[in-house]
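The values are calculated or read from the model by the stated rules, or taken from the named source; none is laboratory data. The structure presented is a predicted model; accordingly, all values stated were derived computationally and were not measured. As a convention, Cβ positions derive from the backbone with ideal geometry for all residues, glycine included, and neighbour counts pool all protein chains shown. Ligands, DNA and RNA are excluded from the accessible area calculation, which covers all protein heavy atoms including side chains. Shrake-Rupley method; radii C 1.70, N 1.55, O 1.52, S 1.80 Å.
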Amino acid sequence: RSDLWNCMRQLKLVRNMRAQNDPWFAEYLLRIGNGTEETNDDGEILLPTSICVPNKMDDNGLDRLIDNIYQTGNASLKDRKYITSRAILSTRNDCVDKINLKMIDRFQGEEMVYHSFDSVEDDPHNYYPPEFLNTLTPNGLPPHMLKLKINCPIILLRNIDPANGLYNGTRLVVRGFQKNTIDAEIVVGQHSGIRVFLPRIPLCPSDDDMFPFNFKVPSQAQFCNDNKQITRSDDTKCWGLSA
């Protein structure tokens, strides 16, 4: 634990801001919390249609969800305040990756694809070939392939330079590409408007016990035991659809 921990003050979120201005939503949450909301035979709660995007047979429900959150197809995607003021949340990493790819396709311009460089330390017999390692997506690391476009938002998931605004959770917008770096602009906080370069760096997953080896990565965004170590190299993860 850091020596600075004793200087920290923990803040708890105890007030639901939406419930203050939405009496129906406040009562709905209260019924769920008290266990009085109607459920089906499996104990599942039926969400009101007013807060759902209907999934019809003749269209793609995910596309309709994106259309409800982001007004794509106009200048709004180029507005950094607009694009970073909303997000789609998901409980699964594979859903996050699927939504990210769909959103990237909606941006105008040429795409840039970064690939990680996966390897295993102390593996002279090549028990873990790169083709296999590329298919793994451990907690805290994005997929092997990272697709980006100009003006798309990304979130930094490692502390690179906290003093200058590059820390875990920093939100940025892509402004340009290099072979091994991403040219980005910080869009939140006191460092908003500053242009930075995000290089490839080594990263490790948050769960050491997921594989029979330690997954170590030289960069990506969400993007070790005495066992084998994998090394992956890439950059940052877009949209902040958190994993």
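Quick one: count up the residues across the stretch 2-39 that are part of a helix (DSSP H, G or I) and among the basic types (Lys, Arg).
2
Looking for whichever is farther than 30 Å from Tyr127 by Cα and modelled with pLDDT under 60 here; the options are Leu241, Leu172. Which one fits?
Testing whether each residue is farther than 30 Å from Tyr127 by Cα and modelled with pLDDT under 60 leaves just Leu241.
Identify the single condition in (1) open to solvent by less than 60 Å² (accessible area, probe 1.4 Å); (2) farther than 22 Å from Glu111 by Cβ that Lys149 does not satisfy, given that it satisfies every other one.
Of the numbered conditions (1) open to solvent by less than 60 Å² (accessible area, probe 1.4 Å); (2) farther than 22 Å from Glu111 by Cβ, the odd one out for Lys149 is (2).
What single numbered condition from (1) closer than 21 Å to Arg171 by Cα; (2) open to solvent by 20 Å² or more (accessible area, probe 1.4 Å) fails to hold for His125?
Every condition holds for His125 apart from (1).
Only one of Asp41, Asp105 is among the acidic types (Asp, Glu), open to solvent by 70 Å² or more (accessible area, probe 1.4 Å) and assigned by the TED database to the domain that holds Pro138; which?
Asp105
Here are the criteria: (1) at pLDDT below 80; (2) open to solvent by 100 Å² or more (accessible area, probe 1.4 Å). Tell me which single one Gly61 does not satisfy.
Just one mismatch for Gly61, condition (2).
Of everything in the stretch 5-21, what is surrounded by 11 or more Cβ atoms within 10 Å (Cβ to Cβ) and more than 21 Å from Ile88 (Cα to Cα)? Give them in sequence order.
Selection gives nothing.
Please find, among Tyr167, Tyr114, the residue that is modelled with pLDDT of 85 or more and either surrounded by 13 or more Cβ atoms within 10 Å (Cβ to Cβ) or under 20 Å from Val96 (Cβ atoms) (or both).
Result of the check over Tyr167, Tyr114: Tyr167.
Would you mind stating whether Gly140 is more than 23 Å from Ile69 (Cα to Cα) and modelled with pLDDT of 85 or more?
no
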